[in-house]
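The values are calculated or read from the model by the stated rules, or taken from the named source; none is laboratory data. For clarity, every value in this text was computed on a predicted model and none was experimentally measured. A quick note on method: Cβ atoms are made from the backbone with ideal geometry, for glycine too, and the neighbour counts reach across all protein chains shown. Areas reflect the complete protein model, heavy atoms only, side chains present, ligands, DNA and RNA absent. Shrake-Rupley method; radii C 1.70, N 1.55, O 1.52, S 1.80 Å.
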Amino acid sequence: MRLVLIRHAKAEQGSPDIERPLSDRGRADAAEIGRWLATQGIKPDRVVVSPSRRTRQTWEHAGTAPVEVDGRIYDNTVRDLLEIVRETPDDVQTLVLVGHNPSMGELVALIDPDVREFPTSATAIVELDDWADARSGRLVARTVPRG
């Protein structure tokens with residue numbers, strides 16, 4: 001099983017926060033995320049994104065799989081991310097979460113304490129034995145794509 005964690009690409013400043021769109025750089029970076037995922041053989045069975053405009057746009061530029069929108073990702077806690085992972089059906093082999101810091105970076109750091117930063121567009125691939133415990137995963141690839 002593979003868990004892919006993506007922090008949204010660079011967004012414009014402004015408010016309301018949930019409506020902030022990607023910047024030009026963010027759109028280019030998100031497309032590069034998609035190219036990198038393809039080189040890693042990532043074909044998601046399930047994609048869950050925050051309801052924010054920038055996370056939805058990040059996936060629109062990065063991938064083609066349909067998405068589920070889940071407000072818990074916008075709530076931005078590691079506990080909520082882990083809950084979404086635990087709820088993933090056993091027949092899913094690759095789950096992608098597109099969200100925000102600090103929760104995305106904190107989850108990656110729980111899995112691999114050597115990861116200290118998780119900037120915009122950062123993407124991590126984690127191998128898991130079971131959706132029940134993402135903390136026991138192994139970080140197998142990580143990148144910060146720039147378009």
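Odds and ends about this structure:
- Filtered residues of the stretch 46-75 (kept if part of a loop (DSSP other than H, G, I, E, B) and of a type in the set (G, A, S)): S50, S52, G63, A65
- Any chance T77 is modelled with pLDDT under 95 and β-branched (V, I, T): no
- Within the stretch 107-122, considering residues that are in contact with a strand residue (DSSP E or B) (Cβ under 8 Å, 6 or more places away or on another chain), free of Cβ contacts under 8 Å to residues at least 60 places away in the same chain and part of a loop (DSSP other than H, G, I, E, B), the one surrounded by the most Cβ atoms within 10 Å (Cβ to Cβ): V115
- Taking each residue of the stretch 123-147 that is within 17 Å of R7 (Cα to Cα) and part of a loop (DSSP other than H, G, I, E, B) and looking for partners that are open to solvent by 20 Å² or more (accessible area, probe 1.4 Å) and at pLDDT 95 or above with beta-carbon atoms closer than 7 Å, six or more apart or interchain, yields V144/P119; P145/E32; P145/W36; R146/E32; G147/A28; G147/A31; G147/E32.
- Number of the condition not met by M104 [criteria: (1) in contact with a strand residue (DSSP E or B) (Cβ under 7 Å, 6 or more places away or on another chain); (2) hydrophobic (A, V, I, L, M, F, W, C); (3) not in a helix (DSSP H, G or I)]: (3)
- Residue within the stretch 81-93 that is under 15 Å from T143 (Cβ atoms) and among the aliphatic types (A, V, I, L, M) present: no
- Among the residues making up the stretch 120-142, those that are under 12 Å from the mean Cα position of the chain (by Cα) and not hydrophobic (A, V, I, L, M, F, W, C) are T120, S121, T123, R142.
- Counted residues, the stretch 76-88 - those being closer than 17 Å to N101 by Cβ and either in a loop (DSSP other than H, G, I, E, B) or touching a helix residue (DSSP H, G or I) at 6+ places or on another chain (Cβ under 8 Å) (or both): 7
- Per-region count, the stretch 1-45, residues over 14 Å from T123 (Cβ atoms), open to solvent by less than 60 Å² (accessible area, probe 1.4 Å), touching a residue at least 24 places away in the same chain (Cβ under 8 Å) and part of a loop (DSSP other than H, G, I, E, B): 3
- Considering (1) crowded, with 21+ Cβ neighbours inside 10 Å; (2) hydrophobic (A, V, I, L, M, F, W, C); (3) modelled with pLDDT under 95, the lone condition that A65 does not fulfil carries the number (1).
- For P119: the one exception among (1) over 15 Å from R2 (Cα atoms); (2) modelled with pLDDT under 95: (2)
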